[in-house]
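Report on one structure; see the data block that follows.
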Amino acid sequence: IKPKDKREAYFMTIIKRLSSFKEFDVPLKVLLQNGSIIQFGFTDMSLVEAAEKQQSVILTDEFNLYRQFKENVPIIYFKQLVATELHKIKI
């Protein structure tokens, strides 16, 4: 299938990439047993649980999430990463 325009080409590329990704479900019971769900919510705790099980990296701009879980899961604080990279640039 040949894309008609840039937008369609973009989505075709995304679809192709996503089709190779492995999907991982976090059971609701696991989330409900996690005491941090009250502080961080369902989405963030799903990411943390999935990262723990799959040894995946979380990239976040939420400092509290980073601070709470940096010892337990691979997590990168995006703003620190940007600051580190900007420091390397000489103007």
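The values are calculated or read from the model by the stated rules, or taken from the named source; none is laboratory data. Here the structure is a predicted model, which is why all the values come from computation and not from measurement. Cβ: placed from backbone, ideal geometry, glycine included. Neighbour counts: every protein chain shown. For the accessible areas, the whole protein counts, side chains as well, though only heavy atoms, and no ligand, DNA or RNA atoms are used. Shrake-Rupley method; radii C 1.70, N 1.55, O 1.52, S 1.80 Å.
List nothing, just return the count: lysine pairs in the range 1-64, 8 or more apart or interchain, with Cα separation under 17 Å.
The number of close lysine pairs in the range 1-64 is 5.
So, for the chain, what is the accessible surface per residue at a probe of 1.4 Å, expressed in square angstrom?
With the other protein chains kept in place, the chain gives 86 Å² per residue.
In debye, nearest 20, what is the charge dipole magnitude of the chain about its Cα centre with +1 on Lys and Arg Cβ and -1 on Asp and Glu Cβ, if you could check?
Dipole of the chain, to the nearest 20 debye: 540 debye.
How large a share of the accessible area of the chain, in percent, is made up of carbon and sulfur atoms when the probe is 1.4 Å and the other protein chains stay in place?
Here it works out to 57 percent.
Tell me, what ³J(HN,Hα) does each residue in the range 16-26 have, in order and in whole Hz, if you take phi through Karplus 6.51 cos²θ - 1.76 cosθ + 1.60 with θ = phi - 60° and put x for Gly and Pro?
Once rounded to whole Hz, the list reads 4, 5, 5, 5, 9, 6, 9, 8, 10, 9, 9.
Sort 67-80, 17-30, 45-58 by the packing proxy (mean of other Cβ within 10 Å over each peptide's residues), most packed first. Intermediate results must be reported in sequence, preceding the final value.
Details: 67-80: 14.4, 17-30: 9.1, 45-58: 16.5.
Those peptides, ordered most packed to least, come out 45-58, 67-80, 17-30.
Search the structure for amide H atoms under 5 Å from the amide H of residue 58, placed 1.01 Å from N in the peptide plane, and list their residues when 5 or more places away or on another chain.
Those lying under 5 Å, H to H, from residue 58 are 75, 76.
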